[in-house]
1. Over all directions, average the projected area of the Cα convex hull of segment B:1-95 and note it in nm².
2. At residue B:73 and residue B:12, where each label point lies 7 Å from the Cα along Cα→Cβ, what is the point-to-point distance in nanometres?
3. What FRET efficiency would be calculated for the residue pair residue A:7, residue B:43, taking the C-beta separation as r and a Förster radius of 51 Å, to the nearest 0.05?
4. Alpha carbons only, please: Rg and Dmax for segment B:37-77, in angstrom.
5. Name all residues of segment B:70-89 having a backbone nitrogen under 14 Å from the label point set 7 Å from the Cα of residue B:60 along its Cα→Cβ direction, giving them as ranges.
6. What is the order of A:12, A:94, fewest Cβ neighbours within 10 Å to most?
7. What's the exposure ranking of B:29, B:45, going from fewest to most Cβ atoms within 10 Å?
8. What distance in nm separates the simple spin-label points at residue A:68 and residue A:14, each placed 7 Å from Cα in the Cβ direction?
């Protein structure tokens, strides 16, 4: 059964190989069409979305740098704010003491 | 000068931006590419588009051609891989005509032998179109293009064992498809 099936398939392929497709008409003028498309793609250049994808690593680095910088600044601001608050508190305590409030 | 040497000169010029040299290369190798691509496409428009894709890839990669194998082998490899990519894109588009409605091309009708061959080709194409992309590629290269396992491995980048396994699976799947479709009346 299997052998018969294999033989039939072989026979079918052998016959199919005998059918040469006539492609010369389809090939006509192909070089012209291809070169036109090539020029068109060269003029268009790289589409903007490809540039967007390509700049992802650059943007990541920039964002990383900015967030690090912001982090440093925040920690600096945090300590100075604490100082400002505590010095303000000390000042107001002193004023209250002197004024007797 | 042997054609390979000639090709190498043209490749060098084309890679340097000489469009005439590239056009000459296309003219030399388009027949082979068209013949292969026609095995996987369903219309003239698709065929032209696929062949253009293949030669665009050839153009983009010209500088990578090292010349350790003939240029035509290099082009064939690009062609096979581009056809495979196209087949993978087609996999969701599983619209198939019933076997009875397959079109026959007028130029195949000239004599009985040719008619039988065209009929067989259409039956094969109809059945093969329902296989998975890798099965379709391997069976076409092996049975219609008559490439050896080693050649197919070289063209696709698959191992020889992989090629054999995929070819076996493809044959079995095709047998099932054709048996289900009662193809026997088409094989006289």
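1. The orientation-averaged projected area of the Cα hull of segment B:1-95 comes to 6.3 nm².
2. A separation of 2.1 nm, rounded to one decimal place.
3. Step by step, r from the Cβ atoms, then E = 0.95.
4. 12.0, 35
5. Inside the label zone: B:78-79, B:81-83, B:85-86.
6. Listed from fewest to most nearby Cβ atoms, that is A:94, A:12.
7. Neighbour counts put them in this order, fewest first: B:45, B:29.
8. 7.3 nm
Each reported figure results from applying straightforward, stated rules to the coordinates on display, with no laboratory input. Please read these numbers as outputs of a predicted model, since none were measured by experiment. As a convention, Cβ positions derive from the backbone with ideal geometry for all residues, glycine included, and neighbour counts pool all protein chains shown.
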